[in-house]
1. Dimensions of segment 97-229 along principal axes (Cα, Å, largest first)?
2. Would you mind getting the Kirkwood hydrodynamic radius of segment 18-105 from its Cα pairs, rounded to one decimal in Å?
3. Given the Cα-Cα distance of D136 and Y246 and 0.36 nm per residue of separation, how much length would full extension add, in nm?
4. How charged is the neighbourhood of I280? Take every other residue with its Cβ under 11 Å from the Cβ of I280, and add Lys/Arg as +1 and Asp/Glu as -1.
5. Leaving out ligands and nucleic acids, note down the accessible area per residue over segment 188-260 with a 1.4 angstrom probe, in whole Å².
6. Please report the carbon-and-sulfur percent of the accessible area for the chain; probe 1.4 Å, protein heavy atoms only, DNA, RNA and ligands left out.
7. In units of 2.2 N^0.38 Å, what is the alpha-carbon radius of gyration of segment 121-199?
8. With the contact rule set at Cα under 8 Å and sequence spacing of 6 or more, what percent relative contact order holds for the chain?
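The values are calculated or read from the model by the stated rules, or taken from the named source; none is laboratory data. Predicted model only: the values in this text are computed from it and were never measured. Note: ideal-geometry Cβ built from the backbone for every residue, glycine included; neighbour counts use all protein chains shown. Each accessible area value is taken on the protein alone, full model and side chains, heavy atoms only, with ligands, DNA and RNA left out. Shrake-Rupley method; radii C 1.70, N 1.55, O 1.52, S 1.80 Å.
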Amino acid sequence: MNRKPNKKKETPETHGEVYRNNLKITKPKVYKKIQNYLNDLNSRERVCSIDIAYRWQCNMNCTHCFTTMLKNSSSKGQFNIHRLKKFCNEADEMGVFAISLQGGEPLLWKDLPDIIDAMDPKRFNISIVTNALLLDDIMANNLKDYGIDRVCISIDSGIQSEHDKFRNFPGSFNKSINAVEACLKCDLTPHIHTVVTHQSLYSDGFNKIVNYAKSLNLGITVLIAIPAGKWKGETDLLINESDAKYIHKLHTEYPLLRRDITPVNGVDTGCRAVTYALYITSFGEVLPCPFLHFTLGNVFETPLSQILKKGYRIKEFREYSSQCLAGEDTDFICKYMKQTFDNNMLPIQVEDVFNLEKE
């Protein structure tokens with residue numbers, strides 16, 4: 001199924017549309033890349049958004065951490081400034097317009113200014129995902145000066161004790177709230193990331209964090225539970241069809257609340273794995289998404305364009321899916337993801353799991 005723009009009536013103006021209009025002035029190169037994407041939605045020659053876990057180091061021990069089993073794959077070495085710059089040059093040529101820096105915890109990186117400079121903020125919309133423990137007024141101002149466009153702050157409940165327990169860190173809730181305020185003070189865009197399970201979706205804690213986002217007119221991404229990392233195999237946490245409809249209802253009531261598969265840029269991409277986004281580990285392994293622990297190749301030794309072509313040879317990723325493959329498609333989870341549940345050396349080579357069609 002081809003990915004087509006939504007009808008206008010189904011696409012209310014959101015921060016994404018306002019952001020694109022602003023890009024015409026602030027980042028014309030990024031704006032042009034987005035327009036090129038919208039003009040050729042089903043191109044197999046480009047990927048639009050990339051998550052980079054530049055380093056794994058972290059100052060938390062979160063209940064659901066998905067990177068837990070990925071830290072063993074060190075055969076190709078790790079990212080450094082030279083490797084990052086070379087990769088970003090290739091990504092830019094391929095039309096990538098958004099890069100998200102992840103960890104671990106990116107604010108621990110002493111060379112963060114050099115990392116962002118190597119990426120070149122003029123070429124990409126750059127976001128950073130943080131637990132906010134180190135995000136005070138000074139850090140917020142620094143991130144803005146470095147060229148960060150958006151800071152994604154993890155807040156998993158509007159009830160302090162619930163958030164702190166989930167993150168296994170007393171006081172982390174207050175740190176996150178203070179971080180939002182620090183970003184707003186210096187006109188740096190804060191965006192809330194909140195993780196939900198089938199059990200927590202209708203809870204008071206979730207409702208409170210949604211209302212908090214509304215009160216400040218903040219974007220909030222609802223991240224559904226995935227049976228990977230510390231939650232590997234825990235399919236009882238997954239949302240069901242009714243839950244998905246409820247989240248969509250919340251989106252229609254407050255368009256700044258969305259999921260990863262919620263239409264973006266006026267386009268219904270469905271599951272974004274491979275066709276829209278990729279995830280790259282600290283060791284250069286390219287995964288279809290952060291939660292699908294199958295490697296398509298390594299960017300330290302293979303051009304990203306070739307790796308992307310391999311991804312499109314896999315029917316399960318190439319074809320449109322209205323569900324998140326990793327968090328909703330139970331057939332996909334049982335047939336493919338299950339092979340990672342008892343494997344302590346991840347990621348698995350994609351050829352060992354999926355059928356690759358001939359080019």
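1. 42, 33, 26
2. Values: mean 1/r = 0.0651 Å⁻¹.
Radius from the Kirkwood sum: 15.4 Å.
3. Numbers: separation 110, 0.36 × 110 = 39.60 nm, distance 3.44 nm.
Contour length minus Cα-Cα distance gives 36.2 nm.
4. Working: positive: R83; negative: D51, E285.
Residues near I280 contribute -1 overall.
5. On the way: 2990 Å² over 73 residues.
On a per-residue basis, segment 188-260 sits at 41 Å².
6. On the way: 7620 of 15890 Å².
With neighbouring chains kept in place, the figure for the chain is 48 percent.
7. Numbers: Rg = 13.0 Å, N = 79, 2.2 N^0.38 = 11.6 Å.
Normalised Cα radius of gyration, segment 121-199: 1.13.
8. On the way: 642 pairs, mean separation 72.9, N = 359.
After rounding, I find 20 percent.
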